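In what follows, a single structure is set out as structure tokens and then discussed.
The values are calculated or read from the model by the stated rules, or taken from the named source; none is laboratory data. Owing to the predicted nature of the structure, the values given are computational and were not obtained by experimental measurement. Positions of Cβ are backbone-derived with ideal geometry, glycine not excepted, and every protein chain shown enters the neighbour counts. Just so you know, the surface numbers come from the protein's heavy atoms only, side chains and all, with ligands and any DNA or RNA stripped out. Shrake-Rupley method; radii C 1.70, N 1.55, O 1.52, S 1.80 Å.
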Amino acid sequence: MKQKVVGRYCMGSEYCELVLMEGLGGEFYTTPEAGHIPRIKIGADYDNWRSVLSCLLHEALELVLC
């Protein structure tokens, strides 16, 4: 799996695109390309689902605070 767009979700006053990617960790982009909504990328190669959700919550909080 290279990258898979999971969907677009409402985060407060704007929408955000969620993407699963290979590897570990996560990152977010406030303006990935001109005219696109913010994007959160989450690595899905963790040993358990709890770590994936923890990474997602971490990146979502950073994006909202940014």
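Reported count of residues in region 20-29, each being in contact with a Leu (Cβ under 9 Å, 6 or more places away or on another chain) and either among the hydrophobic types (A, V, I, L, M, F, W, C) or loosely packed, with under 13 Cβ neighbours inside 10 Å (or both), is 1.
Go through the residues of region 12-19 one by one and say whether even a single one is part of a strand (DSSP E or B), among the hydrophobic types (A, V, I, L, M, F, W, C), out of contact with any Gly (no Cβ under 8 Å at 6 or more places or on another chain) and open to solvent by less than 50 Å² (accessible area, probe 1.4 Å).
Yes: region 12-19 contains one or more residues that are part of a strand (DSSP E or B), among the hydrophobic types (A, V, I, L, M, F, W, C), out of contact with any Gly (no Cβ under 8 Å at 6 or more places or on another chain) and open to solvent by less than 50 Å² (accessible area, probe 1.4 Å).
For region 20-40, enumerate the residues that are of a type outside the set (Val, Ile, Thr), in contact with a strand residue (DSSP E or B) (Cβ under 8 Å, 6 or more places away or on another chain) and not in a strand (DSSP E or B). Passing the criteria: Glu22, Gly23, Leu24, Gly25, Pro32, His36, Pro38.
On the stretch given as region 1-10, residues that are closer than 19 Å to Cys66 by Cβ and either touching a strand residue (DSSP E or B) at 6+ places or on another chain (Cβ under 7 Å) or surrounded by 15 or more Cβ atoms within 10 Å (Cβ to Cβ) (or both) total 2. Just a yes or no: is a residue in region 48-60 open to solvent by less than 100 Å² (accessible area, probe 1.4 Å) and assigned to a loop (DSSP other than H, G, I, E, B)? There is at least one residue in region 48-60 that is open to solvent by less than 100 Å² (accessible area, probe 1.4 Å) and assigned to a loop (DSSP other than H, G, I, E, B).
Taking residues in region 38-66 that are without any contact (Cβ under 8 Å) to a residue 60 or more places away in the chain and closer than 14 Å to Gly23 by Cβ, and partners anywhere that are surrounded by 13 or more Cβ atoms within 10 Å (Cβ to Cβ) and of a type in the set (Ser, Thr, Tyr), the pairs with Cβ atoms closer than 7 Å and at least 6 places apart or on different chains are Val52/Tyr46.
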